[in-house]
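The values are calculated or read from the model by the stated rules, or taken from the named source; none is laboratory data. On a predicted model such as this, the values are computed, not experimentally measured, just so you know. A quick note on method: Cβ atoms are made from the backbone with ideal geometry, for glycine too, and the neighbour counts reach across all protein chains shown. Quick note on the areas: whole protein, heavy atoms, side chains included, nothing else; ligands and nucleic acids left out. Shrake-Rupley method; radii C 1.70, N 1.55, O 1.52, S 1.80 Å.
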Amino acid sequence: MKKLIISFLLITLLIAGCSSAPTETSTEGYKIGILLSDAGLGDESFNDSAFKGLEKARDELGILFDYKEAPDGNYEEKLNELVAEKYDIIIGLGFSVQEALEKTAKQYPSQQFILIDGQSEMDNIISITFKEQEGSFLVGMIAAMTSKTGKVGFIGGADAPVIHHFENGFIEGARYVQPSIEIMSDYAGTFDDTQAGAAIAERYIKNNVDFIYHAAGFTGFGAIKKAEEMGIYAAGVDIDQFFVAEKTVVTSMLKNVDLAVYQLTKTLVENGKIAEKSFALGLADQGVGLADIRVIQLTAEQQATLEKAKEAIISGTIKVTAEKRNGQ
């Protein structure tokens, strides 16, 4: 399935004229290079969202861009290739690339880098993080409102701090609505294995879980499809994943990487530089949010409760935990 998606995307890029066809884009534009995270292009999630932001910047702002993938985990090699190709800014996508990005940034202090999903103290790295816990809190609320069995489940791709944000928010949101709800949680150890996601989902469902939320990239596709097969609800992540299983996906936690990438590129084009060193984007900044609610119908009271909680998070009245707690 992933190979088909990637093939389709590559054909689309050839037709649209990506950075590989500079004759269709102003040669005066800024040049941006990006190293995608582990799952690569075609994950219909984190990577594709960043790619979408660069496509929009190309079409509206006249930039040039190109991307690299490192499925073997050799991030430094690909980052060095991008440096050699002389991009104005090089983006490292995902927490797994941070160590390699910082090594490369140390070697090339005059090169500007952006790290998405990590926080760096290096002078030539701009850090972008998201408050995934805030959007996930709302998903947890919906899960608790929807569940008939009183048992819901979370699947993470890797046991890492960024993924803990999703898990914590989901747990706290579910318990905000139903304090006694039972929550199963597990990590697949990969973002690129649909069978692993399906196996965890099946185990959950056999234990009466009737709503699954994942933060597992392409692995999560397997969980969503298994949820549809076995007749329970699920929530997607990063982008609206309703199309994956239209009888099952109630909503998705939107992590607006595309918007962040586009806005930073716009700042670069308009100002010639990006002055800020770090950004932490949550509900208030439209960095995270919810896709449309489908498949189910919330009551007017439930919808009002959801909106009130969203406003309380934005105002700071509700503070959602980011770090993983002992015993969780």
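Would you mind stating whether T305 is open to solvent by 40 Å² or more (accessible area, probe 1.4 Å) and either hydroxyl-bearing (S, T, Y) or on the phi > 0 side of the Ramachandran plot (or both)? It is true that T305 is open to solvent by 40 Å² or more (accessible area, probe 1.4 Å) and either hydroxyl-bearing (S, T, Y) or on the phi > 0 side of the Ramachandran plot (or both). In the range 93-125, the qualifying residues are those that are within 22 Å of the chain's Cα centre (by Cα) and assigned to a loop (DSSP other than H, G, I, E, B), and the one that is nearest to G217 (Cα to Cα) is G94. For G222, the criteria (1) touching a Phe, Trp or Tyr at 6+ places or on another chain (Cβ under 8 Å); (2) modelled with pLDDT of 95 or more; (3) open to solvent by less than 20 Å² (accessible area, probe 1.4 Å); (4) not hydrophobic (A, V, I, L, M, F, W, C) hold in every case but one, which is (1). Among the residues of the range 206-214, are any open to solvent by less than 20 Å² (accessible area, probe 1.4 Å), farther than 30 Å from G33 by Cα and without any contact (Cβ under 8 Å) to a residue 40 or more places away in the chain? No: the range 206-214 contains no residue that is open to solvent by less than 20 Å² (accessible area, probe 1.4 Å), farther than 30 Å from G33 by Cα and without any contact (Cβ under 8 Å) to a residue 40 or more places away in the chain. Considering the conditions (1) open to solvent by less than 40 Å² (accessible area, probe 1.4 Å); (2) modelled with pLDDT of 95 or more; (3) of a type in the set (A, V, I, L, M, F, W, C), F46 is excluded by exactly one of them, (2). When S120, S110 are checked against the criterion of being under 18 Å from A275 (Cβ atoms), at pLDDT 95 or above and open to solvent by 10 Å² or more (accessible area, probe 1.4 Å), S110 stands alone in meeting it.
Of all residue pairs spaced 6 or more apart or on separate chains, those with beta-carbon atoms under 8 Å, a first member in the range 299-312 that is in contact (Cβ under 8 Å) with a residue 40 or more places away in the chain and assigned to a helix (DSSP H, G or I) and a second member that is open to solvent by 70 Å² or more (accessible area, probe 1.4 Å) and of a type in the set (S, T, Y) are A309/Y176. Hey, any hits in the range 318-326 for a residue that's of a type outside the set (A, V, I, L, M), open to solvent by 30 Å² or more (accessible area, probe 1.4 Å), within 18 Å of G140 (Cβ to Cβ) and assigned to a helix (DSSP H, G or I)? No - not one qualifying residue is present in the range 318-326. When E81, E60, E76, E99 are screened for being surrounded by 16 or more Cβ atoms within 10 Å (Cβ to Cβ) and charged (D, E, K, R), only E76 passes.
Tell me, please, whether a residue that is in a helix (DSSP H, G or I), on the phi < 0 side of the Ramachandran plot and under 16 Å from the mean Cα position of the chain (by Cα) can be found in the range 170-191. Within the range 170-191 (the criterion being in a helix (DSSP H, G or I), on the phi < 0 side of the Ramachandran plot and under 16 Å from the mean Cα position of the chain (by Cα)), the answer is yes, since at least one residue qualifies.
Identify the residue in the range 148-157 that is crowded, with 19+ Cβ neighbours inside 10 Å and not aromatic (F, W, Y) and, among all such residues, is farthest from G118 (Cα to Cα).
Restricting attention to the range 148-157, the residues satisfying the condition of being crowded, with 19+ Cβ neighbours inside 10 Å are 152-157.
After this cut, where a residue has to be not aromatic (F, W, Y) as well, the list is 152-153, 155-157.
Numbers: V152: 29, G153: 26, I155: 21, G156: 17, G157: 16 Å.
Here the residue is V152.
Checked against (1) among the charged types (D, E, K, R); (2) open to solvent by 50 Å² or more (accessible area, probe 1.4 Å); (3) in contact with a His (Cβ under 6 Å, 6 or more places away or on another chain), E132 passes all but condition (2).
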